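Taken together, the values in this text are just the output of simple stated rules run on the coordinates, not laboratory data. If you're wondering where the values come from, they're calculated on a predicted model, not measured in any experiment. As a convention, Cβ positions derive from the backbone with ideal geometry for all residues, glycine included, and neighbour counts pool all protein chains shown.
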Amino acid sequence: MIYLQTSVQEKIQEKSGEKYHMLKQMTELRTTQQLMLSPFLREELKILQLPSLNLLDRIDIELMENPALEEEGSRLESFTSTVMEESSDRRGEDVDWEKWVEHGKNYFSEMTSLAGEDTEYEPLIATEDPSLPQFLLNQLQLEQVSSKEISIGEILVSYIDEDDGYFKGSIDEVAAITQSTTKEVERVLSVIQTLEPTGVGARDMVECLNIQIQELGLNDSLLSEIVSKYFEEIRNGNFDLIAEKLNVSRERVLKLIEFLKKLEPKPARGYSGSRPRYVIPDITIDREGTITLNNSFIPSLKISSYCQLLSKNKQLTKEEKKYIKEKLNKAVEFMRALENRGSTLQVICKTIFEHQHNFLSQGVEGLAPLTLSDVSETVKLHESTISRSVSNKYVKTPLGTFPLKHFFISGVKDSEGTKISALNIKNRIQALIKEEGIKPLSDDKIQELLEKEGVLVARRTVAKYREELGIPPISKRKKIK
């Protein structure tokens, strides 16, 4: 990767709370400052939030759309020659889009693998995955949402089909059930649509695909326009018509459709609580706590020397010079955003493991309470930015490969004011129930026993943790006995 002279400290200071407050307070300067900072900050945040595999797709689209950006090496050339040329007939009228809907992106997997043979995938070795509804609710609780919005989210999630991941309910009905406005319900649904698996909570296929395109930071691209306006033409193989409507070449339309094939029309199909998942870890940490950024899957990029020379050509028109300058600036910003993505992830990961250092020696039992707010205060980024930054990111540890969000643990205070992690409380609840004997323990009795141990927790919290552990209530356990 090209190294751009921006230190982690400078980048963090650039986005510090002080600067953001200044932009909010100094209204008369807002327009000028946004013109200078907003485009880069938006690009950087988009790149920061992308998971590793989506980042590869984002880089390839940028390479395709920006002539001022080039890749060092032959990865893209090899891909275009072996896939786009040899499989040109399969990109056209002979492609069975109904099978793509039925089988998902794996239907074209042999055509769309960009990671290369040397890419190392790691098994995700965390605790057993919860059901899709619980998985979504666990993520939602890490977002910037109120207790009321959590309640709305619980109802919304109950209407999400576990086979395809689509929201099959009615916004008006959920609003009536939760005594909320439709605007409040729409707001929570939009948050759910940002969770894993990407595309979940969509109401139809076009919305599902657009959510995934937005995740790539391409919501204002031709790809989004093709999906939104010409999806039926894609299914019918009317690529010449699409090219004519968009005023672009047929070849460009076909290249964009290559990226479309990698999207998942049924996002829940990719989620399973029982089978192992494989990921590319973004970060590696050893037993001594040394953090290493995994850049092995990111291609090296450079600015096109031809475009740089062309920008100095005096024979170019004013419009041509403006176009080339814009593309050169965008290429520099994109590479800088890639560089800062790695720096920011390292800072976030370092902060997480400063709190969770016991995990490396004690495993999950050593996890301490940690919130997004704790990390936000240290790295000077908003909690929502931290949440998006750790979503779909993975760290390879001596104990296995885990999602970064795995290390955010809610907690309660004990009688001495020390925070105890929810995970440790769950383990204690599980142990108490396992030892309960013939007479099952009620949630009230479990609360009482925990209180004697110095753990101050509400009965409803005990019930919540018990349900999350998959343990039935006392009435059902009586029947089992």
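Details
- Principal axis extents of the Cα atoms in region 171-234, from largest to smallest and rounded to whole angstrom, are 40, 23, 18.
- Residues with amide H under 5 Å from that of VAL279, placed H, sequence gap 5 or more: GLU122, LEU124
- Under 11 Å, Cβ to Cβ, from LYS426 - net charge with Lys/Arg +1 and Asp/Glu -1: +1
- Residues ARG428, ARG250 in ascending order of nearby Cβ atoms (within 10 Å, fewest first): ARG250, ARG428.
- Panel note: the C-alpha atoms of region 300-442, placed on their principal axes, show extents of 90, 28, 26 Å (largest first).
- Most to least packed among 297-307, 380-390 [average Cβ atoms within 10 Å]: 380-390, 297-307
- Compared with the direct C-alpha span, the chain from GLN141 to ARG287 gains 49.6 nm at full extension, assuming 0.36 nm per residue.
- Potential lengthening between LYS476 and THR181 on full extension [0.36 nm per residue; Cα-Cα distance subtracted]: 102.5 nm
- Each part gets one Cα centre, and for region 222-272 versus region 145-218 those centres are 24 Å apart.
- Above-threshold pairs, the threshold being 18 Å between Cα atoms, out of LYS350/LYS393; LYS302/LYS330; LYS426/LYS452; LYS245/LYS266: LYS245/LYS266
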